[in-house]
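The values are calculated or read from the model by the stated rules, or taken from the named source; none is laboratory data. Since this is a predicted model, take the numbers as computed values, not measurements. Every residue, glycine as well, gets a Cβ built from its backbone with ideal geometry; the counts of neighbours run over all protein chains shown. Side chains included, ligands, DNA and RNA excluded: accessible areas come from the protein's heavy atoms. Shrake-Rupley method; radii C 1.70, N 1.55, O 1.52, S 1.80 Å.
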Amino acid sequence: MCITLSLSSKPCIGVCNGSLQSPKSMVTTARTEVITAPKRPNTFPGLTKQGISDIDLRVQEVVRRQSWTNSLVGEVNCRKPRFEPMFIDDAYDKCRNICAEYAKTFYLGTLLMTKERQKAIWAIYGNNETLRTDELVDGPNAEYMSPAVLERWEERLQDIFEGRPYDMLDAALSDTVCNFPLDTKPFRDMIEGMRMDTRKSRYESFQELYLYCYYVAGTVGLMSVPVMGIAPESSVSAYTIYNAALYLGIGNQLTNILRDVGEDALRGRVYLPQDELAQFGLTDKDVFSRKVTDAWRDFMKEQIIRARSFFNLAEEGASQLDKDSRWPVWSSLMLYRKILDAIEDNDYDNLTKRAYVGRTKKLLTLPLAYTRALSKP
């Protein structure tokens, strides 16, 4: 799967044991049903309480550790490597070029951020396994992938956090983790998502798929919150903002999955819940046939509803970030929604067509995203 950088947050996120509610009512309810589509004749199953609590615990641990007051973070930040100024500037420039090439719209948004935050986000994008580890799984070297390779990447990650970078991209991230309270857990969880890709090409339920989306995309949101910063005037807890970052990551990854169904099928992969395909009388054979039927359209409508529900949950949080960090987040959120619109415009044919947002629409979206970024928490 192609993994896209996804950054955002939201004040209070909640759901109940019924259908998804409006943002206002979600604030005071439990989280359980965020994983399901709204009530319809074919209601998709959601995560078990255990599945949700596992993710809850991970988020709580990240929030606790990614704090300047945490002693473990302090120890890591004392190991700041000494780089020649020109070398570290070149390292960040290399990360910036990667971000500018592979995430053009998001990159434009980062230009309004403070210099230190710009560099940190570029370093995360350039080296946080979002791009490079994905190449190990889906790129030309995928056939050589093994558990030992990912173990070496974990060792390399530890070296980055301990001030022993391997190359220029590593050096930029090593410098970044000394300037911001970043913890290794989201980075390690992302590598675990890569392990899932080496072991699995099918997902029996949305519970399994949700966990995968957390590993490969939700983690990016978690590692980005300390860099983006939370607005001083925000009155919500850090935990709810981290949850929102997680949900935008999940929404982005689900959108990637829906956009790339046809391309993934060519590699023998189906990132769609098998039990939900069966609800509509569909199987992998229908995916590989690349034929759009009424049953496929009905199935895709429900999948799009679910993806949009995550964007709805994430939306308010984009205004809880520091004011200089909101524009790239709003741009990402709004443009990913438009990918779902494009799938609908293609009559739900994501088997032979790739949905995309044209340059004109992107340019028209940027000022709208900027206006939303001006909103106060």
Would you mind counting up the charge near PHE206? Only other residues with Cβ under 10 Å from its Cβ, with Lys and Arg at +1 and Asp and Glu at -1.
-3
Tell me the net charge near ALA120. Cut-off is 13 Å between Cβ atoms, ALA120 excluded, with +1 for each Lys or Arg and -1 for each Asp or Glu.
0
Rounded to two decimals, what is Rg over Rh for segment 200-376 when you use alpha-carbon atoms and the Kirkwood radius?
1.01
Could you go through segment 84-95 in sequence order and give the Karplus-derived ³J(HN,Hα) for each residue, using 6.51 cos²θ - 1.76 cosθ + 1.60 with θ = phi - 60°, rounded to whole Hz, and x for Gly and Pro?
5, x, 5, 5, 5, 5, 5, 5, 5, 4, 5, 5
5 angstrom amide H check on LEU321, placed H, neighbours 5+ away
ALA231
Under a 1.4 angstrom probe, counting protein chains only, how are ASP341, ASP294 ranked by accessible area, largest first?
ASP294, ASP341
Distance in Å, no decimals, from the C-alpha centre of segment 182-261 to the one of segment 272-335 is 14 Å
Ranked by accessible surface with a 1.4 Å probe, highest first, in what order do THR283, THR176 come?
THR283, THR176
Ignoring ligands, DNA and RNA, how do ASP90, ASP189 rank by accessible area with a 1.4 Å probe, largest first?
ASP90, ASP189
Set LYS353/LYS376; LYS80/LYS115; LYS104/LYS285 screened for pairs whose C-alpha atoms are more than 30 Å apart
LYS353/LYS376; LYS104/LYS285
Ignoring any ligand, DNA or RNA, what whole percent of the accessible area of segment 200-376 comes from carbon and sulfur when the probe is 1.4 angstrom?
53 percent
Within 14 Å, Cβ to Cβ, of PHE288, how many net charges do the neighbouring residues add up to if Lys/Arg are +1 and Asp/Glu are -1?
+2
Under a 1.4 Å probe, what is the accessible area of segment 232-360 per residue, stated in Å²?
36 Å²
